[in-house]
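The values are calculated or read from the model by the stated rules, or taken from the named source; none is laboratory data. From a predicted model like this one, the values you see are computed outputs, not experimental measurements. Methodologically, a virtual Cβ is constructed for each residue, glycine included, from the backbone with ideal geometry; neighbour enumeration extends over all protein chains shown. With ligands, DNA and RNA removed, areas are computed over all heavy atoms of the protein, side chains included. Shrake-Rupley method; radii C 1.70, N 1.55, O 1.52, S 1.80 Å.
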Amino acid sequence: MTRKYKNIVFLTGAGISAESGLSTFRSEDGLWNKHRVEDVATIEAFYRNPDYVHEFYNEMRPEFLAAQPNPAHKAITTLQQKYPAKISVVTQNVDTLHEKAGNQNVYHIHGQINQIVCLNCGHVFETWGEVSSEDVCEQCGAHAMLKPNIVFFGEGLLCMDEVDRLLQTCDLFISVGTSGVVYPAAGFVQIAKMFGADTYEFNMEKTSNNRLFDEHIYGPAGTTLPEFVKKMLEEE
Ligand code: OAD
């Protein structure tokens, strides 16, 4: 590390939550090897069979509610508390482990499992309980319009105006535990790099957009990220 950073952006994916016991998507025993994306994570699937989609996320909620943050999530909190920079977390994860670990400035670009959105009025509310197509919006009273506030394939990402600003102004971009195959998030490193940021990747293995990163740190993020944060704080 040769200079101090002023604006740091973390981009996180399912790999940062793997050591908290939550499945990733594309590993051998990952979610997308057990379920078809076309059945549970596209907007077409939701319109075709909303109850099937609700059931999928209803079953996931208790597991996500019980999950606890691991040392990788906590390392981000430590950095935010001790390193004098603006530090933001852009996450593709729909779990709430960043918040449980005390992370600040968290942007859920793929939504949150504990939120529901009304497709009629846009009202977003929180629940860890079950939701069905029979439920009525608490805000506008519309029937059969509630959808998990999770960005399905075919929908636009959330918070993108702010995230674009962060990517264009950061001087350090750190990707943790994402395979880099789902766009637009997979392209964030390129934007940050074009605007001058140093780019680091933490993963278990080489990823498909590997060459866009200046540095690669391989291994479980629960070990590698706390070590990296410790080093950053020592060198500061
Ligand atoms: P993936 O399952 O595609 O990738 C997880 C990545 O984490 C892989 O590259 C693993 O090598 C890495 N990994 C696993 N365990 C790790 C650990 N302990 N430490 C560090 N890295 C580890 O998950 P995402 O990239 O998050 O979208 O997937 C992107 C999006 O695809 C998800 O947000 C989801 C999915 O469709 C929605 O649900 C909207």
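Some points to look at:
- Loop-located trypsin sites (Lys or Arg not before Pro) in the range 151-219 (DSSP state not H, G, I, E or B) with no more than 13 neighbouring Cβ atoms inside 10 Å: Lys206.
- Charge dipole of the chain about the Cα centre (unit charges at C-beta), most positive-ward option of Val94, Val176, Ile116: Val176
- Ratio Rg/Rh, restricted to the range 122-205 and using Cα atoms, in which Rh is the Kirkwood radius: 1.12
- Heavy-atom accessible surface of the chain: percent carbon and sulfur, 1.4 Å: 49
- Among the cysteines of the chain, those with no neighbouring cysteine Cβ under 4.7 Å are Cys159, Cys170.
- Taken over the C-alpha atoms, the range 3-66 has Rg and Dmax values of 15.7, 53 angstrom.
- For the pair Gln190 and His123 in one chain, pulling the backbone fully straight at 0.36 nm per residue adds 20.8 nm over the alpha carbon distance.
- Taking 0.36 nm per residue of separation and subtracting the current Cα-Cα distance, fully stretching the chain between Phe153 and Lys4 would add 49.8 nm.
- Protection proxy ranking, peptides 17-25, 86-94, 4-12, 148-156, average beta carbon neighbours within 10 Å, highest first: 86-94, 4-12, 17-25, 148-156
- Separation of the range 82-113 and the range 1-42, taken as the distance between their Cα centroids, equals 13 angstrom.
- Accessible area (Å², per residue) of the chain, counting only protein heavy atoms and a probe of 1.4 Å: 47
- Rounded to two decimals, the Cα-based Rg/Rh of the range 97-236, with Kirkwood Rh, is 1.05.
- Beta bridges by DSSP in the chain, antiparallel share as percent, to the nearest 5: 25
- The range 120-229, relative contact order in percent, only Cα pairs under 8 angstrom and at least six apart counted: 17
- Once the Cα atoms are used to define both axes, helix 50-66 deviates from the longest principal axis of the chain by about 50 degrees.
- Label positions at Glu235 and Arg211, each projected 7 Å from the Cα along the C-beta direction, are separated by 2.6 nm.
- P(r) weight above 23 Å for the chain, C-alpha pairs, percent: 49
- Overall, the chain carries a charge dipole of about 820 debye about its Cα centre when +1 sits on the Cβ of Lys and Arg and -1 on the Cβ of Asp and Glu, all other atoms neutral.
- Each helix, a run of at least 4 DSSP H residues, gives -39500 (n - 2.57); summed and divided by the residues of the chain, these come to -9500 deg cm²/dmol at 222 nm.
- Taking a straight line from the alpha carbon of Lys100, these aspartates and glutamates sit under 20 Å away, with near neighbours fewer than eight places off in the same chain left out: Glu19, Glu63, Glu126.
- The chain: relative contact order as a whole-number percent, Cα under 8 Å and 6+ apart: 23
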